[in-house]
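Following: one structure in structure tokens, then a few remarks.
The values are calculated or read from the model by the stated rules, or taken from the named source; none is laboratory data. Model, not experiment: these values are computed from the prediction. Counting neighbours? That spans all protein chains shown, and the Cβs are built from the backbone with ideal geometry, glycine included. Heads up: the accessible areas ignore ligands, DNA and RNA and are worked out on the full protein's heavy atoms, side chains in. Shrake-Rupley method; radii C 1.70, N 1.55, O 1.52, S 1.80 Å.
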Amino acid sequence: MKYEVNELAFSYGQKPVISNLSFSLHEGEWLTILGPNGCGKSTLIAVLLRILDQNHGDIHFEGKLLEGWDRKALARRIAVVYQKNEIPFGFTVREIIEMGRYPYQGRWNRWSETDEKAVQNALALTQTEQFAEKSYRQLSGGEQQRVLIARAIAQEPEVLILDEPIAHLDLRFQYEVLRLCQKLQKEQGMTILSVLHEINLAAEFSDRLLLMNKGTALAKGIPSDVVVPRLIKEAYGINIEIVQKNGKPYLFPIF
């Protein structure tokens, strides 16, 4: 088990954001968190990364309480790709990917053969070698996301957290990014936890879904058990029809 979350609660002051939330993330699986805006998805990610501290409940990572993990040790096991990263002007693709090795660098550590191999592996897996020396700013949105995933791979994590990684990308690049992540899961054994707004894509690529509403779990399970008219209506307030394809549900809104 990578993550086990039990009765988690979090509030900003007197405003509750997450309440009584329990779920697990199994090794090697892809779990996607769904839910309307404001339901607590991004806050949950911040709590799982120890950016925020929960008010109640407990979180175990690899069998150990999350607060007991050294932050640098945690950074070696968990990598994050956000929907948008502000990259300072002038960095090349290679320089950005090399940033993934920071959790392994100490005050006296020099760049090692291990570091170089990790960067080369990340370049190869994401097929970013051809623009390794280009400025990050010169790339398309989809190419930039591939570079950010490459930076995460260079970190050599066991868990990859994706927080809206395909927001603002067109359909082609959305599939390109998610297929790359799927390759990491299937071929490299990566455990993936993602936050997505695109329900159909979440159902297509994920092993399990966690549907949140009002800060807690409305439903969790395989896509065909979660993407159903009653639950989508309760969470999003819209009526839908479902079409099954290759065992996966695809929804169509009814207006």
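Structural remarks
- Heavy-atom accessible surface of the range 51-170: percent carbon and sulfur, 1.4 Å: 48 percent
- Using a simple spin-label model with pseudo-atoms 7 Å out from Cα toward Cβ, residue 112 and residue 246 lie 4.1 nm apart.
- The range 1-60 versus the range 186-254: alpha-carbon centroid distance in Å: 18 Å
- Listed by chain and number, the lysines placed with their C-alpha closer than 16 angstrom to that of residue 248 are 220; residues fewer than eight positions away on the same chain are left out.
- Scanning residues 5 or more positions from residue 52 or on other chains, those with amide H under 5 Å from its amide H are 47, with H placed 1.01 Å from N in the peptide plane.
- Residues whose amide H falls under 5 Å from that of residue 219, counting only those 5 or more places apart or on a different chain, are 211, with hydrogens built in the peptide plane.
- Equivalent ellipsoid semi-axes - Cα gyration tensor, the chain, angstrom: 31, 23, 16
- Computed over protein heavy atoms with a 1.4 Å probe, the accessible surface of the chain works out to 49 Å² per residue.
- Whole-Hz Karplus values for the range 170-185 come out as 6, 4, 4, 6, 4, 5, 4, 5, 5, 5, 4, 5, 5, 4, 4, 5 Hz, taken residue by residue from phi with 6.51 cos²θ - 1.76 cosθ + 1.60 and θ = phi - 60°; glycine and proline positions read x.
- Considering only the chain, percent of DSSP beta bridges that pair antiparallel, nearest 5: 60 percent
- Placing R0 at 45 angstrom, the Cβ-Cβ distance between residue 65 and residue 228 gives a FRET efficiency of 0.80 after rounding to 0.05.
- Magnitude of the charge dipole, the range 122-255, Cβ model with Lys/Arg +1 and Asp/Glu -1, debye to 20: 240 debye
- Taking N as its residue count, the alpha carbon Rg of the range 105-255 over 2.2 N^0.38 Å: 1.24
- Taking every protein chain into account, the 1.4 Å probe leaves residue 98 with about 50 Å² of accessible area, to the nearest ten.
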